[in-house]
Amino acid sequence: MSNPIGGSLRMWGSLLFFSSIIGSTSFGQTLSEVQGADHAIRLSLGHFFAPMTPGPHVSYEHRTKGNVYLRHEAGVIFDYNYPDQASLESLHGFRLRTARRKYRNNPGIIRQRHYHEFAFDYRLTNARVEGDFSRIGASGSYSQRISYGIIQHSFSLNYIRGFCAIFGEHWQLDFGIGAGLRLNNRNYGEIPEDTYFRTNGSLFWQYGAREPWHLTLSVPVILALGYQF
């Protein structure tokens, strides 16, 4: 299966840039706090075509008061058999996310609701990966392909800014980008004691590349098709 992520990222990046320009040009009108729909259901296109941990994700958003909403998202992670991840034998997992989002409206050519949100998510990934290892035997060192497991628990706290472009009475496109921190707990499957990892062509799935507990930056991107009601 071909990997559509490169072209998709360029296309959606251009769309996000163009839409943000439209959003910032509100023709002299200031952001107002007009209430929108009470509920929204969204399908995440960004997660569906993610390069490393893809899979369908669905979210439900509901108003708590005024323009303050809670957003809950759940999704599963699959192996799409991308050709540039030939070392990946299998992949599955899931992600859960909850966020507090506050909207403001921006009248313009396309109706938009600007927002900022604080989000917390948990992700479990369980992968089976092949790698090239060096081993030392009676006749000297040699290379061997060995399969090993990686189980990772990730906890993220992010701040995200974005907007929803509203089309008609019910349809919307949700765009957002943010930053935060991700705490990971990565555990590797057992391998023979006399082995030393060399390569498997992937920076993400390398054996022993991370300590069991490690902190990384998180850059969440929201790209979702929604229905509000």
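The values are calculated or read from the model by the stated rules, or taken from the named source; none is laboratory data. What you see is a predicted model, and the numbers here were worked out from it, not measured in a lab. Side chains included, ligands, DNA and RNA excluded: accessible areas come from the protein's heavy atoms. Shrake-Rupley method; radii C 1.70, N 1.55, O 1.52, S 1.80 Å.
Got a number for carbon plus sulfur as a percent of the stretch 153-210's accessible area, 1.4 Å probe?
Within the stretch 153-210, the accessible surface is 57 percent carbon and sulfur.
Mean projection of the alpha-carbon convex hull of the stretch 160-221 over all orientations, in nm²?
The Cα convex hull of the stretch 160-221, projected and averaged over all directions, gives 6.9 nm².
Between the alpha-carbon centers of the stretch 153-217 and the stretch 48-122, tell me the distance in whole angstrom.
What the calculation gives is 13 Å, centre to centre.
Please report the orientation-averaged projected area of the stretch 73-170, defined via the convex hull of its C-alpha atoms, in nm².
The directionally averaged projection comes out at 10.1 nm².
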